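The values are calculated or read from the model by the stated rules, or taken from the named source; none is laboratory data. Since we're looking at a predicted model, the values are computed, not measured. Glycine gets a Cβ as well: all are built from the backbone with ideal geometry, and neighbour counts include every protein chain shown. Calculation scope for accessible area: heavy atoms of the full protein, side chains included, ligands and nucleic acids excluded. Shrake-Rupley method; radii C 1.70, N 1.55, O 1.52, S 1.80 Å.
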Amino acid sequence: MSYEQRAKEKQDALIASGRATVLAIESSCDETACAIVRNGREVLSNTVHTQIPLHRKYGGVVPELASRNHVERIGAVVEAALTDADMTLQDIDAIAVTCGPGLVGALLVGVSYAKGLALSHDLPLIGTNHILGHIAANYLTFPDLEPPFTCLIASGGHSHIVRVEDYDRCTLIGRTRDDAAGEAFDKVARVLGLPYPGGPELEKLAKDGDPKAIRFRSAFNEREDEYDMSFSGLKTAVINVLHTSEQRGETINRADVAASFQYEVISILSDKAVRAASDTLALAGGVSANAALRNMLARKSQKKGIRFCCPDFKYCTDNAAMIGSAGYYLLMKGHRDGLDLNATPYLSVV
Ligand code: KG4
Ligand code: ZN
């Protein structure tokens, strides 16, 4: 019997039982991560090696360095995840791996490693969309949450409002026309002289500032009939304010700039997402770690009388537990990949 046949038999048996312990790998950007997740909801271990110190001196992720570091670390990260769960590969039922979107060289490290594990242990292989993973971070935090629901995805590469129709299917409600929210945070943080990664640093600085000090208007985002968003004009507005004050020889309160910019971004995201939701609204992606955004969404959702869910802080930024949850549901819905699985840098979620 070929690997393909054995993997299919194994998947059929798992679907029949409804149970599966999934080993998941995430290497799409600057985190090498492995987790073991039981039945899509129970995290048995969650190991993350971050490359932030490696990229900090360059002010952003250097793809080639990221790929090499993934290669160096992935073996130890997978070992650690198994040890933390007190398991061996004999206890694993399936392998899930992020296959896109992300940096192609970084993704390929995880995909290749996952293929090796699947082939050597006759396990089903599930290529998993990173964004579906971010959405699934909510399943880990809210055991009763099930599709359908509305979700705001805000990460370094995505700002989408989607309807999560099912565990493996989303439809688009709105998206950014230019920069993603996290990208805007990172770019503004850079002009404010903050280190990479900019989002969390900007949030820290904003705590000391007045969010109403400067009004960064963006006409596009004020349209009530529109779910698409735009953040690049806002970023330019911040740069203009900083340049103007510099040219005039004035000192500007950087904390006020950070707080005012953050206030405008989270207002746009929360206004549109809450308007799009009618029952449950979930938040996903790295920017979901922003406490001001979480609080604003919670407040506006409560006012509208809808449920609001956001992941535990440890599942907000990139991790493999979320991939293990998303991968479990893909497996149960009959998705499975062959050993020809490839990395897809621009893989879409809708
Ligand atoms: O989901 P993620 O970890 O990686 C991608 O899939 O892109 O998101 C990373 C993004 C970065 O742009 C980072 O600056 C932003 O999320 N981010 C934040 C915060 N924590 C991470 N943005 C604002 N406030 C935060 N606390
Ligand atoms: Zn991510």
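Pick from segment 252-297 the residues that are more than 15 Å from ligand 1 (Cβ to nearest atom) and basic (Lys, Arg): which of them is farthest from Tyr315 (Cα to Cα)?
Filtering first and then ranking leaves Arg254.
Answer yes or no: is there a residue in segment 151-162 that is open to solvent by 10 Å² or more (accessible area, probe 1.4 Å), under 28 Å from Leu14 (Cα atoms) and not hydroxyl-bearing (Ser, Thr, Tyr).
Checked segment 151-162: no residue is open to solvent by 10 Å² or more (accessible area, probe 1.4 Å), under 28 Å from Leu14 (Cα atoms) and not hydroxyl-bearing (Ser, Thr, Tyr).
Identify the single condition in (1) open to solvent by 10 Å² or more (accessible area, probe 1.4 Å); (2) within 14 Å of ligand 2 (Cβ to nearest atom); (3) within 22 Å of Leu293 (Cβ to Cβ) that Gly102 does not satisfy, given that it satisfies every other one.
Just one mismatch for Gly102, condition (3).
Would you point out the residue of segment 25-70, among those that are of a type in the set (A, V, I, L, M) and touching a Phe, Trp or Tyr at 6+ places or on another chain (Cβ under 9 Å), that is farthest from Gly193 (Cα to Cα)? Spell out the reasoning first.
Narrowing segment 25-70 to residues of a type in the set (A, V, I, L, M): 25, 33, 35-37, 43-44, 48, 52, 54, 61-62, 65-66.
Checking the rest, the ones that are also touching a Phe, Trp or Tyr at 6+ places or on another chain (Cβ under 9 Å) come to 25, 37, 43, 52, 61, 65.
Numbers: Ile25: 33, Val37: 39, Val43: 38, Ile52: 17, Val61: 17, Leu65: 23 Å.
My answer is Val37.
How many of the residues in segment 323-348 are closer than 13 Å to Ile36 by Cβ and within 16 Å of ligand 2 (Cβ to nearest atom)? Steps first, answer last, please.
Taking segment 323-348 as the starting set, the residues that turn out to be closer than 13 Å to Ile36 by Cβ are 323-325, 327-328.
If we keep only those that are within 16 Å of ligand 2 (Cβ to nearest atom) as well, we get 323-325, 327.
Number of matching residues: 4.
State the number of residues belonging to segment 56-74 that are touching a residue at least 24 places away in the same chain (Cβ under 8 Å) and more than 22 Å from the chain's Cα centre (by Cα). Give the steps one after another, and end with the answer.
Of all residues in segment 56-74, those touching a residue at least 24 places away in the same chain (Cβ under 8 Å) come to 56, 58-61, 63-64, 66-67, 69-71, 73-74.
Then keep just the ones that are more than 22 Å from the chain's Cα centre (by Cα); that gives 58.
Counting residues in segment 56-74 that are touching a residue at least 24 places away in the same chain (Cβ under 8 Å) and more than 22 Å from the chain's Cα centre (by Cα) gives 1.
Would you please name the residue that is nearest to Ala259 (Cα to Cα), looking only at residues in segment 195-211 that are open to solvent by less than 50 Å² (accessible area, probe 1.4 Å) and within 10 Å of ligand 1 (Cβ to nearest atom)?
If we take residues in segment 195-211 being open to solvent by less than 50 Å² (accessible area, probe 1.4 Å) and within 10 Å of ligand 1 (Cβ to nearest atom), then Ala206 is nearest to Ala259 (Cα to Cα).
Looking only at segment 259-296, count how many residues are acidic (Asp, Glu) and part of a helix (DSSP H, G or I). Before you say what the answer is, go through the steps one by one.
Filtering segment 259-296 for residues acidic (Asp, Glu) gives 264, 271, 279.
Checking which are part of a helix (DSSP H, G or I) leaves us with 264, 271.
Qualifying residue count for the region: 2.
Can we say Glu250 is modelled with pLDDT under 95, open to solvent by less than 30 Å² (accessible area, probe 1.4 Å) and part of a loop (DSSP other than H, G, I, E, B)? First the steps, then the outcome.
On the way: modelled with pLDDT under 95: yes; open to solvent by less than 30 Å² (accessible area, probe 1.4 Å): no; part of a loop (DSSP other than H, G, I, E, B): yes.
Against the criterion (modelled with pLDDT under 95, open to solvent by less than 30 Å² (accessible area, probe 1.4 Å) and part of a loop (DSSP other than H, G, I, E, B)), Glu250 does not qualify.
Against the definition (at negative phi and open to solvent by 20 Å² or more (accessible area, probe 1.4 Å)), how does Asp166 come out, yes or no? First the steps, then the outcome.
On the way: at negative phi: yes; open to solvent by 20 Å² or more (accessible area, probe 1.4 Å): yes.
When the stated conditions are applied, Asp166 passes them.
Across segment 269-313, which residue is farthest from ligand 2 (Cβ to nearest atom) among those that are touching a residue at least 40 places away in the same chain (Cβ under 8 Å), open to solvent by 10 Å² or more (accessible area, probe 1.4 Å) and hydrophobic (A, V, I, L, M, F, W, C)?
Within segment 269-313, the match that is farthest from ligand 2 (Cβ to nearest atom) is Ala276.
Output the qualifying pairs, or none if there are none: Cβ atoms under 8 angstrom, residues six or more apart or on different chains, first residue in segment 121-135 and within 12 Å of ligand 1 (Cβ to nearest atom), second residue among the charged types (D, E, K, R) and part of a strand (DSSP E or B).
His130/Glu26; Gly133/Glu26
Condition check ((1) among the hydrophobic types (A, V, I, L, M, F, W, C); (2) over 30 Å from Arg223 (Cα atoms); (3) at pLDDT below 95) across all residues:
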residue: Arg254; (1), (2), (3): no, no, no
residue: Arg307; (1), (2), (3): no, no, no
residue: Leu331; (1), (2), (3): yes, yes, no
residue: Arg336; (1), (2), (3): no, yes, no
residue: Thr344; (1), (2), (3): no, yes, no
